[in-house]
Structure formats: structure tokens, C-alpha cells
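K.L.:
Here it is: the structure, laid out below.
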Amino acid sequence: MKAKCRVEDGSLSTNELSIAEDYWIFEAQKHIHGKVQRGEFKSLSPFVKDNLIHVGGRADNGTLSYEQRHPVLLPRDDHISYLITRDVHERGHYGIAATAAKVRSKYWIVGVTSLAKTVKFRCVKCRKFNHRVETQLMAELHAERMAPFTTPFYYTACDYFGPYNVKIGRSKTAKHYGVIFICLNTRAVHLEVATDCSTMEFMQVLRRFFAIRGKPKMIQSDNGTQFIGAERQLREMIRGWTKRELTEFCAEQEVTWKFITPLAPL
């Protein structure tokens, strides 16, 4: 307080922060001056500018800033290296590689990857984000998913996806949908196109699928209105048959429709 020099009060300015940063970097580099003289960092081509050791290289003609082309060399075991790495990490809680890359855009800390790993391990927020939640014991697979020696699409699941805008004229477009058939056993995929979501259109899709892949033993789907209508029409198709015809149909080309629980994934 007895000093006659002018002391500024208030918040720290950018110039004051820059001077303080250069001072602590200079103090941290005192431990590596001997190593630089002995050539331990020869691969980094270090040089001194403004009393600070910078990393050399061949990027002088680049458009990057001087700090990015020639970052300041810092040892890993100094506390300022840890503070710099922690400050960069806490700005976005990045991963290890991203933290190391952002640090090296201005500072070349020896072993920054292991230092970033230490910072991330000690970060409370990151440990909360990466907290392992309780896992549920998965149920046994259905018999349809484990049916060896069966042809593809013997057990099939189907669903709609889309819509897609399709050009059907010079200036006219319409919405078409995709129908995906998945073999529950081999996970093979068959795709068809439906012009709309009506039951009749889905019946046409089924006819094309049966003609190419054959009639499966079971088709599994969600509780969509077009699927419910298709299942009803399939039952109406065989309602007037005789017992003998129905038996032959079931023995040779039976198709069982199975609806899953509403809102459940296939």
C-alpha cells in the first residue's frame, strides 16, 4: 500500500491476463530449458521467442495463426499444464481426443493425451454423464428367431416406412411408401413399394412378395390399420372353402398372421 506506483482497481483486463499467462508459462518452462539444450525435444524443433519456448515446424507459410503454427512448449508435470487442460475441457466437457486437440491449438503439452484422460476422469460432470445405468436382463429369443433348416422368410416381419414424394407426371407428385419384409431367422430384407396405406394396396404388396419369396408360415407386424384389414381379408378368402380345401391350403400354403403388442418394437 505504500508503493507509489499506480494501481488499477476493478476486474482484470485482457492485457493483464495475457501478461500473467506469459509469466506462469515462463516459470513452467524453467524446468525444461536444460532438456531443450540437451536435445531431448529435438523432434519438435524448439526455438525461443520473447523468452518463451515455442514448437517449430514447416507450417510458416500456412494461413493459421502464429499460436497454432508454433504453440508454446509446456511440461506435463507442471500445475499450469493441468489448469490449462482442465479449463479447455470444462468449456464443453469434450472427450479425450477433442480436449487434447483443442489444447494443442495453442499449447504443446508433452503427454497431453494422458493429461486429458486424467482431467476427464476427475471431472464430476463427466462422471455423472457417463454413469452406467441399470441394465435389464433380456428375455429369451422367440422360437421364430431360432429356426434352423428353414428357408429365408419362413418367419417374416413387415412394416411400413416413408412417405416419399415420387414424381408420377410432368408436374404431379404423389406420396409413396416403402414396405420392408424382414426374415426373423436370417435377418434378410425384402423391399416393396406401396402407392398408399390402404388395405387393398397392401394386399397387392403381399401378392408380389409371395410370388418372389414364397408364402411364409407366419407374418408378424404391428397393429396398423392396413395390416388388420389384410388379416381380415385373408380370413374371408378361405371362409367359404370346404374342410378338405382348407386342410390342403393350410398344409401347403398356410400363412399365419401375428400382431405384436401395441406400441412395441418389431
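The values are calculated or read from the model by the stated rules, or taken from the named source; none is laboratory data. Predicted model, so just to flag it, every value in this text is computed and none were measured. Glycine also receives a Cβ, built like all others from the backbone with ideal geometry; neighbour counts cover every protein chain displayed.
K.L.:
Return the residues of the stretch 102-116 that are closer than 10 Å to residue 71 by Cβ and surrounded by 18 or more Cβ atoms within 10 Å (Cβ to Cβ); say none if nothing qualifies. Explain how you work it out, then say what you get.
P.N.:
Let us first name the residues in the stretch 102-116 that are closer than 10 Å to residue 71 by Cβ, namely 103-109.
103, 107, 108, 109, listed by residue number.
K.L.:
Considering 19, 80, which residue is at pLDDT 85 or above and over 37 Å from the mean Cα position of the chain (by Cα)? Give the steps one after another, and end with the answer.
P.N.:
On the way: 80 fails: over 37 Å from the mean Cα position of the chain (by Cα).
Selected residue: 19, the only one of 19, 80 that is at pLDDT 85 or above and over 37 Å from the mean Cα position of the chain (by Cα).
K.L.:
Tally up the residues in the stretch 25-53 that are part of a loop (DSSP other than H, G, I, E, B) and either over 21 Å from residue 115 (Cα atoms) or touching a helix residue (DSSP H, G or I) at 6+ places or on another chain (Cβ under 8 Å) (or both), please. If you could, list the steps in order and put the result at the bottom.
P.N.:
Going residue by residue through the stretch 25-53, those that are part of a loop (DSSP other than H, G, I, E, B) are 30-32, 39-41, 45-46, 50-51.
Subsequent filtering for residues that are either over 21 Å from residue 115 (Cα atoms) or touching a helix residue (DSSP H, G or I) at 6+ places or on another chain (Cβ under 8 Å) (or both) retains 39, 41, 45-46, 50-51.
Going through the stretch 25-53 one residue at a time, the tally reaches 6.
K.L.:
Report yes if residue 106 is at pLDDT 85 or above and touching an Asp or Glu at 6+ places or on another chain (Cβ under 7 Å), otherwise no. Outline the logic, then answer.
P.N.:
Details: at pLDDT 85 or above: yes; touching an Asp or Glu at 6+ places or on another chain (Cβ under 7 Å): yes.
Yes: the conditions hold for residue 106.
K.L.:
Regarding residue 80, is this residue out of contact with any Pro (no Cβ under 9 Å at 6 or more places or on another chain) and among the aliphatic types (A, V, I, L, M)? If you could, list the steps in order and put the result at the bottom.
P.N.:
Details: out of contact with any Pro (no Cβ under 9 Å at 6 or more places or on another chain): yes; among the aliphatic types (A, V, I, L, M): yes.
So residue 80 fits the description; yes.
K.L.:
Of all residues being modelled with pLDDT of 90 or more and surrounded by 14 or more Cβ atoms within 10 Å (Cβ to Cβ) in the stretch 190-206, which is nearest to residue 151 (Cα to Cα)? Just the residue, please. Show your work before the answer.
P.N.:
First pass over the stretch 190-206, keeping only residues modelled with pLDDT of 90 or more: 190-193.
Keeping just the survivors that are surrounded by 14 or more Cβ atoms within 10 Å (Cβ to Cβ) gives 190, 192-193.
Values: 190: 14, 192: 20, 193: 23 Å.
Taking the candidates together, the pick is 190.
K.L.:
Let me confirm something: among 180, 212, which residue is within 26 Å of residue 141 (Cβ to Cβ), modelled with pLDDT of 85 or more and not aromatic (Phe, Trp, Tyr)? Let's see the steps before the verdict.
P.N.:
Working: 212 fails: within 26 Å of residue 141 (Cβ to Cβ).
The unique qualifying residue is 180.
K.L.:
Now, a different point. Take residue 187 and tell me if it is of a type outside the set (Phe, Trp, Tyr), surrounded by 16 or more Cβ atoms within 10 Å (Cβ to Cβ) and within 26 Å of the chain's Cα centre (by Cα). Explain how you work it out, then say what you get.
P.N.:
Numbers: of a type outside the set (Phe, Trp, Tyr): yes; surrounded by 16 or more Cβ atoms within 10 Å (Cβ to Cβ): no; within 26 Å of the chain's Cα centre (by Cα): yes.
Against the criterion (of a type outside the set (Phe, Trp, Tyr), surrounded by 16 or more Cβ atoms within 10 Å (Cβ to Cβ) and within 26 Å of the chain's Cα centre (by Cα)), residue 187 does not qualify.
K.L.:
So which residues in the stretch 131-161 are farther than 20 Å from residue 186 by Cβ and surrounded by fewer than 15 Cβ atoms within 10 Å (Cβ to Cβ), if there are any at all? So that I can check it myself, show each step before the final result.
P.N.:
Going residue by residue through the stretch 131-161, those that are farther than 20 Å from residue 186 by Cβ are 131-139, 160-161.
Once the filter is applied, which keeps residues that are farther than 20 Å from residue 186 by Cβ and surrounded by fewer than 15 Cβ atoms within 10 Å (Cβ to Cβ), the stretch 131-161 yields 131, 132, 133, 134, 135, 136, 137, 138, 139, 161.
K.L.:
To continue, here is another question. Any residue in the stretch 54-72 that is in the same structural domain as residue 19 (by TED's automatic domain parsing), touching a strand residue (DSSP E or B) at 6+ places or on another chain (Cβ under 9 Å) and part of a strand (DSSP E or B)?
P.N.:
Within the stretch 54-72, one or more residues are in the same structural domain as residue 19 (by TED's automatic domain parsing), touching a strand residue (DSSP E or B) at 6+ places or on another chain (Cβ under 9 Å) and part of a strand (DSSP E or B).
K.L.:
Of all residues in the stretch 81-101, which are buried (at least 16 other Cβ atoms within 10 Å of the Cβ) and assigned to a helix (DSSP H, G or I)? Spell out how you get there, then give the answer.
P.N.:
Looking only at the stretch 81-101, we keep the residues that are buried (at least 16 other Cβ atoms within 10 Å of the Cβ), and these are 81-82, 84-86, 88-89, 94, 96, 99-100.
Once the filter is applied, which keeps residues that are buried (at least 16 other Cβ atoms within 10 Å of the Cβ) and assigned to a helix (DSSP H, G or I), the stretch 81-101 yields 81, 82, 84, 85, 86, 88, 89, 96, 99, 100.
K.L.:
Another question about this same structure. Can you find a residue in the stretch 105-123 that is closer than 30 Å to residue 183 by Cβ and assigned to a loop (DSSP other than H, G, I, E, B)? Can you show your working first?
P.N.:
Taking the stretch 105-123 first, the residues closer than 30 Å to residue 183 by Cβ are none.
Within the stretch 105-123, none of the residues are closer than 30 Å to residue 183 by Cβ and assigned to a loop (DSSP other than H, G, I, E, B).
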